[in-house]
Structure formats: structure tokens, C-alpha cells
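The structure appears below as C-alpha cells.
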Amino acid sequence: MTESKTIAVVSATGAQGGGLVRAILEDPSSGFTVPAITRDTSSEKAKELARLGAELVAADISDEADLEKAFEGAHAAFCVTFSWAHFSPGKEMAEARNMAKATSAARRSKRGRRREGTRCRQWARVAVGSTKAS
Ligand SMILES: NC(=O)c1ccc[n+]([C@@H]2O[C@H](COP(=O)([O-])OP(=O)(O)OC[C@H]3O[C@@H](n4cnc5c(N)ncnc54)[C@H](OP(=O)(O)O)[C@@H]3O)[C@@H](O)[C@H]2O)c1
């Protein structure tokens, strides 16, 4: 039996990530499942994603440990930053770095188990070169 692969989606309740979450959920034959990342799993938008079949995962991109848990076991991660939330280039860089480090941690963890890595794909707001697609 083919094991499904997961794509962890940051901004799942927003416009960018929400479109990806819905596209994955609407195509069960794709072989992908989707942990939908939100800071508030009890919000109406989050509950709507759960109703559609998403697994809700609580994480804040300012918290690297949160992200490591959220990306654990994922085949890929969809990452965006939200500069308009604070208008701080330094904070945006730190948040992008958190996501890059969390994808690396997930890749190391997966390699240990199955020699298959999580890939970092950063779309939308591309913040730093170190998180470029691999
Ligand atoms: N929409 C577009 O057409 C478009 C086009 C090009 C680029 N972009 C860029 O893409 C990025 C996302 O835009 P969007 O339109 O998808 O925004 P959005 O619709 O406002 O959604 C952003 C979502 O991100 C989550 N979020 C915000 N801060 C977070 C944090 N600290 N940790 C974890 N999650 C957080 C929020 O989810 P929770 O409240 O559930 O945590 C929110 O639902 C922005 O940088 C934007 O400039 C957007």
C-alpha cells in the first residue's frame, strides 16, 4: 500500500495557505494529506478546515520548537512570512530562519527513519536566500 505524504501548510487559514489546503483536500487521489498550521485551532476558519478534513496543528512561526513539531514527519512544508503583521525586517528574517531550521530538523529526522527528507518550498513572501527551494 502506498503511504500518503504530508505537506505542512503555514497560513492555512489565510488566502495563500488556505488555497493550497483546499486544493489538497479536494483531490484525495493526490496521495497527500495536510497538517493545517494555525495559531488558533479553535477559530472559525480553523474549524472550517477541520470540517473539510484537515488536521489542525497549532504553531506560531515566531516559535521554532512549535514549527519543528508541526513539520515533524512532513514530506514538504509550505512557508510564508507576514511582514505586515509587524513591519520588522529583523523579525521577518528570524521567522523565516525558524521555518528553514524546522524543515532541516524534519529532514534530519526523516532521514534517520526512511532516508527521505522534507523539502522546503517557500512561496509568496520570499524572505531569505537560505530558505530557497531545495
Ligand atoms: N493574498 C495574496 O494574493 C498574496 C499575494 C502575494 C503574496 N502574499 C503574501 O503571502 C503572505 C500571506 O498572505 P495571505 O494573503 O495568505 O494572508 P492572510 O489571508 O491574511 O492570512 C494569513 C494567515 O497566516 C496566519 N498567521 C499570521 N501570523 C502568523 C504567525 N505568527 N504564525 C503562524 N501563522 C500566522 C494567520 O493564521 P491564524 O490567525 O489562523 O494563525 C492568517 O490566517 C503575506 O506575506 C502576503 O504579503 C499574498
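Which number in (1) within 17 Å of the chain's Cα centre (by Cα); (2) modelled with pLDDT under 90; (3) not in a helix (DSSP H, G or I) marks the one condition that VAL57 misses?
Failing condition for VAL57: (2).
What number of residues within the range 40-84 are of a type in the set (Lys, Arg), touching a helix residue (DSSP H, G or I) at 6+ places or on another chain (Cβ under 9 Å) and over 21 Å from SER104 (Cβ atoms)?
Number satisfying all stated conditions: 1.
Taking the range 75-101 on its own, how many of its residues are within 12 Å of the ligand (Cβ to nearest atom) and in contact (Cβ under 8 Å) with a residue 12 or more places away in the chain?
13
Residues being more than 11 Å from the ligand (Cβ to nearest atom) and crowded, with 16+ Cβ neighbours inside 10 Å: count how many of those fall in the range 48-63.
The number of residues fulfilling the criteria is 1.
Being in contact (Cβ under 8 Å) with a residue 40 or more places away in the chain and within 16 Å of the ligand (Cβ to nearest atom) is the filter here; which residues of the range 15-47 pass it?
Listed by number, the residues that qualify are GLN16, GLY17, LEU20.
The values are calculated or read from the model by the stated rules, or taken from the named source; none is laboratory data. Computed from a predicted model, the values in this text were never measured in an experiment. Positions of Cβ are backbone-derived with ideal geometry, glycine not excepted, and every protein chain shown enters the neighbour counts.
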